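The values are calculated or read from the model by the stated rules, or taken from the named source; none is laboratory data. Predicted model, so just to flag it, every value in this text is computed and none were measured. For neighbour counting, all protein chains shown are included, and Cβ atoms are generated from backbone atoms with ideal geometry for every residue, glycine included.
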Amino acid sequence: MTSTFFDNYKSIILGTGNILENEEFKKAKNPTQEMLLCMCARIKEINEQHIENGAEPADEFVAIPHEEITEEDETSEGKTKTVIKLFMNEFHEDAIDECFSHTLKICKTAPNVILAYTPTSSIHNDKFVWADNDAKSKKHFKTLWAKLREEKKAGRIEQLGIADMDLDTIMDIFDDKNFDFTILQINIVTCCMPPPCLVSFCKEHEIQLLTHSDPQVLFPSCHMCDIALGKSFKIKWVVRFLETLICRGILTRKGFIVNFQRMLD
């Protein structure tokens with residue numbers, strides 16, 4: 001059943017909080033299922049909270065659980081590290097500013113940020129390949145990266161990373177030879193063995209070469225009805241955050257923040 005409460009808004013930004021506290025979410029077999037379970041539960045909760053009062057039409061609805069963060073949090077059990085992965089399948093110039101205005105509030109320290117920008121169709125789940133030499137997509141990536149550089153320069157980001165980019169594209173996009181990312185993720189499904197040239201490049205520039213199993217489209221549009229938003233909304237961006245206790249390597253927090261945007265008629 002489609003939610004009527006959210007019909008009053010043009011943009012919906014929802015956070016899941018720490019999903020490690022809920023055993024139900026551990027049933028997910030892949031990242032898409034995980035997000036589906038999270039969003040179903042979150043939207044149901046919000047609907048139940050507002051079922052009687054309703055809502056006045058507005059541009060934006062935001063519901064992100066915030067934990068009270070104090071200096072003692074960083075000393076009671078040890079230092080933590082937060083890794084944020086930002087998923088985008090469409091270019092929106094305001095996405096970086098918008099995303100960090102909400103995401104940094106849940107971080108205890110300046111996070112590592114990995115940009116996964118794959119401008120492909122969330123409807124048909126088309127595969128995007130940087131090597132296809134899409135000049136427009138590269139230009140858009142540069143715009144987003146410039147925003148991230150500003151955040152890092154301001155001290156709000158610890159390290160920067162990119163995902164699923166071949167070496168030729170890296171050399172093309174970072175034509176100023178300012179390789180200011182320290183993390184490069186490659187998909188183990190599509191790339192079982194990283195190319196030797198990429199391995200050499202990462203060693204030369206002290207870049208961590210890591211693997212992941214995230215799909216290009218984390219949440220296909222076919223699931224919008226499953227979470228009761230129907231076909232009138234699409235995803236603008238998704239943030240997945242992981243917090244780890246450094247001294248013990250234990251995952252302490254995990255969750256999502258998602259921006260759903262109403263599609264124009």
Quick check on my filter: what residues within region 223-242 are touching a residue at least 60 places away in the same chain (Cβ under 8 Å), over 26 Å from T80 (Cα atoms) and not in a loop (DSSP other than H, G, I, E, B)?
H223, G230, S232, F233, K234, I235, K236
Residue pairs meeting the criteria (Cβ under 6 Å; at least 6 apart or on separate chains; first at positive phi, in region 6-31; second surrounded by fewer than 19 Cβ atoms within 10 Å (Cβ to Cβ))
G17/P65
What residue, among those in region 40-67 that are under 17 Å from Y9 (Cα atoms), part of a helix (DSSP H, G or I) and of a type in the set (A, V, I, L, M), is modelled with the lowest pLDDT?
I46
